[in-house]
1. Looking only at the range 38-83, which residues are farther than 19 Å from PHE352 by Cβ, modelled with pLDDT under 85 and either assigned to a loop (DSSP other than H, G, I, E, B) or of a type in the set (S, T, N, Q) (or both)?
2. Taking the conditions exactly as written (more than 30 Å from ASN147 (Cβ to Cβ), touching a residue at least 40 places away in the same chain (Cβ under 8 Å) and either touching a strand residue (DSSP E or B) at 6+ places or on another chain (Cβ under 6 Å) or open to solvent by less than 10 Å² (accessible area, probe 1.4 Å) (or both)), does THR425 satisfy them or not?
3. Please specify each residue of the range 285-325 satisfying the condition of being basic (Lys, Arg) and free of Cβ contacts under 8 Å to residues at least 40 places away in the same chain.
4. Would you mind finding the one in ILE253, ILE237 that is of a type in the set (A, V, I, L, M, F, W, C), at pLDDT 85 or above and open to solvent by 40 Å² or more (accessible area, probe 1.4 Å)?
5. Can you name the residue in the range 198-232 that is at pLDDT below 90 and open to solvent by less than 50 Å² (accessible area, probe 1.4 Å) and is also nearest to PHE156 (Cα to Cα) among such residues?
6. Residues to consider are ASP399, ASP406; find the one that is open to solvent by 10 Å² or more (accessible area, probe 1.4 Å) and under 30 Å from ALA42 (Cβ atoms).
7. Of the residues that make up the range 298-315, is at least one modelled with pLDDT under 90, open to solvent by 20 Å² or more (accessible area, probe 1.4 Å) and part of a loop (DSSP other than H, G, I, E, B)?
8. Please identify the pairs in which a residue from the range 382-399 that is among the hydroxyl-bearing types (Ser, Thr, Tyr) has its Cβ atom under 7 Å from the Cβ atom of a residue that is not in a helix (DSSP H, G or I), counting only partners at least 6 apart or on another chain.
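The values are calculated or read from the model by the stated rules, or taken from the named source; none is laboratory data. The structure displayed is predicted, hence computed values, not measured ones. Here the Cβ positions follow ideal geometry from the backbone for every residue, glycine too, while neighbour counts run over all protein chains shown. Accessible surface areas use protein heavy atoms only, side chains included; no ligands, DNA or RNA. Shrake-Rupley method; radii C 1.70, N 1.55, O 1.52, S 1.80 Å.
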Amino acid sequence: MLNIIVFCAACLLMILAVLFLPKIRIGKIKIDTYFLPVLLGAVLILCCGKADAAAIGKALIADTAVNPLKILVLFLSMTVLSVFLDELGFFSYLAAFALKHTHKGQTRLFFSLYFVVALLTVFTSNDVIVLSFTPFICYFAKDAKINPLPYLAAEFVAANTWSMALIIGNPTNIYLATAYGVGFVSYLAVSILPTIAAGGVSLGILWLLFRKKLSAPVECCAEQSVIKDKLSLGIGIAHISVCTVMLAISAYIGIEMWLVSSCAAGSLFLCSLIISACRREKPRALFRSIKRTPWLLVPFLLSMFVMTEALGEQGTTAAIANFLGKDLAVLKYGGLSFLASNLINNIPMSVFFSSMIKSANAGAGAMYATVIGSNLGAFFTPIGALAGLMFSSILSEHDIKFGYRDFLKLGVTVAVPSLAAALGTLMLVLLI
């Protein structure tokens, strides 16, 4: 019972922190507060002996697709690669270049962005796309003197909708499908139609929401940015390009994604140090990139993992699975995974729900429904996925307000209808 009380209290306090006290100042440093309630909850559970520390330690080094340590390495190393380009002015340069060649108005830009993000997400992952495109949109909108929110919403929704299509689109896809023994082709055969349905609904609703704002003209008045360190930029682009290609084919060649991204980040680190040593200067861009990396995600994700594992040890997982039963599994697991992602984040949720599905023998429909909930739940609140937390962090650096309430508005108007369309289509696919 203590585990449940601590877990619920930590989740509630985390949401309140995001809403009312997102940052605190310690000296000259501002830090996010979302991780503190979760960290305290995990520490309390461990100190009270309500979790098997040895079992949790084994789980942290287990060779599974959604091992939290692997996910953190993947996410943080990709962040370093993306932020490094931003520090060198690459996204600012792209924004100015795109603006200079813009003549077709915002409507065409909006649809082009959505389809480009959707296509790239299918073959890479939602996290990579959000990290790469968000700074570009911020710079572009600032130079064009247009409202960035329609484009940011389109990017984030497209990335977290079309990530359902392939098994490699989201780490939660990999974990849930692998745990249920579903291969690449079998997964695609079931997931593609629900993804298309959700994608069509989300794009239509986004257009209805923002069509008036997109009618404003684009002011092509930006001056072309100048890249001062072209050598470092070339090396950075080469690293993130090769890394992205390797991530797309990693599932086919049997190399885990966290190894690909960590090797790319390590190589970039060494190359930057060598260049700086030859120039006899400090690697400022690299240091700033490391400083901007969201290291607070480490205690957040690990603490959530500890609490979800503790709930499983106490039998909470089995009790919930028995309560849900097997009837209407698609709707139950799809809806609950969608909501649970926004209480505990979609990665711990996937671990928790995977155990529930096995315990209840709920079937493949429950697994696919949970995949849908883990992806679409990402744009209901910023807590739904690591990409949401990183997305919010990037926007705060650019002084763009897109808080918890904005996520909820987007979630109610776009995520909920998209979820209904995806789950409905999934039920039809499973009947065929």
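1. Hits for the range 38-83 are GLY49, ILE61, ASP63, THR79, SER82.
2. Considered against the rule, which asks whether it is more than 30 Å from ASN147 (Cβ to Cβ), touching a residue at least 40 places away in the same chain (Cβ under 8 Å) and either touching a strand residue (DSSP E or B) at 6+ places or on another chain (Cβ under 6 Å) or open to solvent by less than 10 Å² (accessible area, probe 1.4 Å) (or both), THR425 comes out as no.
3. Correct list: LYS291 only.
4. None of the others qualify; the one that does is ILE237.
5. So the residue we want is LEU214.
6. Criteria check complete, one pass: ASP406.
7. yes
8. SER392/PHE402; SER393/PRO294
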